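Read through the structure below, which is laid out as structure tokens, and then see the notes.
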Amino acid sequence: MVDTRPTPATSASPGRGPAAGSAEPWPDRSVIPPVWSRITNISVDRGEGSWLITPEGDRYLDYSSGIGVTNTGHAHPRVAAAVAAQAMKLLHGQQNIVYHEPGLRLHERLRHVLPGDGWTAFLSNSGAEAIEAAVKLARIVTGRPVIIGFRGGYHGRTAQTMALTTAKDVYRGHFEPLPGSIYHTAYPYCYRAPGASHEPAACTCDWEDQLDLTFHQLIYPEHVAAIIVEPILGEGGYIVPPPGFLPRLREITRQNGILLIADEVQTGYGRTGRFFAVEHWGVEPDILAMAKGIASGLPLSGILAKRELIDKWPPGTHGGTYGGNVVSCAAANATLDVIEDEHLLENAAARGSQFLAGLRGLAARYPAIGDVRGLGLMLALEFVRPGVGDGRVPDPNLTRRVLAEALERKLIILSAGTYANVARIIPPLVTTAAEVDLALSILDESLVAAGA
Ligand SMILES: Cc1ncc(COP(=O)(O)O)c(C=O)c1O
């Protein structure tokens with residue numbers, strides 16, 4: 001039958017307008033929905049290493065790294081060249097249909113990014129998708145339903161990952177009902193430990209008792225497929241756990257036949273000065289999730305697991321149209337080359353120590369800085385109201401002012417933590433000693449201007 005309905009006048013040119021790069025003014029910002037809460041009002045034209053550059057030529061020191069993504073710096077020439085070359089050959093070579101060289105090479109290389117043998121990668125697009133994959137694999141391998149996460153953890157925005165996330169109310173509070181068979185237990189937050197010491201080395205956190213209570217009050221360990229943990233809490237406030245935490249968690253999970261999933265979406269790819277953060281504690285997870293820094297900004301994520309686990313995942317039970325996209329794989333291969341050739345793990349460790357020492361110097365002068373913490377280039381200042389309560393009352397207003405003053409001085413940093421009272425600093429791993437010094441002096445000025 002012939003369709004006689006009139007064709008809408010606009011259908012021949014859907015959304016036609018000036019192309020990107022046109023001399024016409026940029027469209028009004030209101031075209032973007034407000035659900036994208038925004039840290040800055042900056043419009044950006046290009047990026048170079050640690051810097052973002054506006055159309056007017058203003059340069060911002062980007063110590064957000066696009067939320068921990070641009071580990072090799074903005075538009076690293078080797079990554080950009082690999083992307084451009086691949087884009088001219090093939091943009092999409094779907095995983096269920098064909099093999100492509102960048103994908104095969106990347107899978108092969110990812111077998112060796114963690115210590116030990118037998119690792120295999122499964123690739124997807126975003127951090128949340130990597131966590132979804134980890135959860136599905138854990139359930140299918142163990143035949144058990146339950147996943148335990150940690151209070152303060154962040155794992156993504158999909159329904160399953162929202163259910164695992166407890167970093168802040170805004171991430172999940174409006175979206176009940178959430179998927180079930182998820183329980184949460186206490187993460188060791190040394191600075192807020194109820195006992196006497198707030199030092200990680202002498203931490204009094206009772207996380208192990210809390211996990212034991214979880215097993216006795218909420219769920220039998222034999223029904224738990226996996227415990228998912230961020231080796232350092234990210235969105236939850238850049239919380240570095242005490243030294244014994246991950247090794248002991250590994251023991252407990254092994255004793256109970258529970259898989260350990262390390263969510264290294266934010267901590268991985270050199271961020272903490274090791275390729276993956278679990279290496280600081282010599283802990284081998286069963287499944288490791290990675291994303292963010294993996295392809296220097298192109299959408300790519302994945303999990304690593306031992307071959308014997310991955311082989312238990314029946315064909316077709318997981319996948320996705322874009323997983324392991326060929327251009328993203330080309331970017332990921334170039335990213336691995338840059339990390340190795342430019343010694344970025346070593347630089348992350350050295351610049352991290354320099355930065356941490358500088359932040360500790362600031363904390364000695366500003367009592368509103370309650371805690372300084374971090375590992376490698378994953379650094380944080382926790383702001384409190386000195387003299388109020390027990391001296392650790394969170395101060396989100398001061399945090400907001402410090403971030404705003406830093407932005408005024410063209411330094412971009414982010415907030416974190418359940419009460420948004422943590423300033424988190426995520427420089428690219430290519431950052432220089434001079435840039436770190438510049439950031440420290442801007443922070444010093446910003447603390448004064450914010451009335452810290
Ligand atoms: C630890 C962690 N897991 C998972 C995610 C989700 O990643 P994505 O935003 O790529 O879905 C994030 C994002 O910040 C994260 O920090």
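Just so you know, all these numbers are worked out from the coordinates, no wet-lab data involved. Since this is a predicted model, take the numbers as computed values, not measurements. We place every Cβ from the backbone using ideal geometry, glycine too, and count neighbours over all the protein chains shown.
Using +1 at the Cβ of each Lys and Arg and -1 at the Cβ of each Asp and Glu in the range 344-449, identify which of 446, 388, 430 lies farthest towards the dipole's positive end. Ranked along the dipole, the leading option is 388. Any idea what % of Cα-Cα pairs in the range 350-447 are farther than 18 Å? Considering the range 350-447, 41 percent of its Cα-Cα pairs are separated by more than 18 Å. Scanning the chain for long hydrophobic helices, with DSSP H runs required to stretch 20 angstrom or more by C-alpha along their axis and to average at least 0.0 on the Kyte-Doolittle scale, returns 127-142, 326-341, 344-365, 433-449. Our note on the geometry: Cα centres of the range 223-243 and the range 122-178, 13 Å apart.
A crude spin-label estimate for the pair residue 353 and residue 183, with each label 7 Å from Cα along the Cβ direction, gives 4.3 nm. Residues 233, 379, arranged from fewest to most other Cβ atoms within 10 angstrom of their Cβ, appear as 379, 233.
Judged by the mean number of other Cβ atoms found within 10 Å, the most tightly packed of the peptides 40-48, 296-304, 169-177 leads the ranking 296-304, 40-48, 169-177. Most tightly packed first, judged by the mean number of other beta-carbon atoms within 10 Å of their residues, the peptides 287-295, 443-451 read 287-295, 443-451.
Of all DSSP bridge pairs formed entirely within the chain, close to 65 percent run antiparallel. Since only 158, 115, 49 are under comparison, the one whose Cα sits farthest along the positive direction of the charge dipole of the range 46-177, derived from C-beta charges on Lys, Arg, Asp and Glu, is 115.
Which residues in the range 106-121 place their backbone N less than 13 Å from a point set 7 Å from the Cα of residue 311 along the Cα-to-Cβ direction? Within reach of a label on residue 311, which here means backbone N under 13 Å from a point 7 Å along Cα→Cβ, the range 106-121 contributes 118-120. When every Cα-Cα distance of the range 78-341 is counted in 5 angstrom steps from zero, the calculated P(r) takes the values 1, 6, 13, 18, 19, 16, 12, 8, 4, 2, 1, 0, 0 percent.
Neighbour counts of other Cβ atoms within 10 Å put 208, 56, 405, 222 in the fewest-to-most order 56, 222, 208, 405.
Just so you know, the averaged projected area of the alpha carbon convex hull for the chain sits at 25.9 nm². Mind scanning 89/312; 89/292; 168/306; 89/136 and naming the pairs with a C-alpha gap bigger than 28 Å? Cα-Cα > 28 Å for 89/312; 168/306; 89/136; rest within.
Neighbour counts of C-beta atoms inside 10 Å place 124, 415 in the sequence 415, 124, starting with the fewest.
Distance between the pseudo-spin-label points of residue 441 and residue 84 (7 Å out from Cα toward the beta carbon): 3.5 nm.
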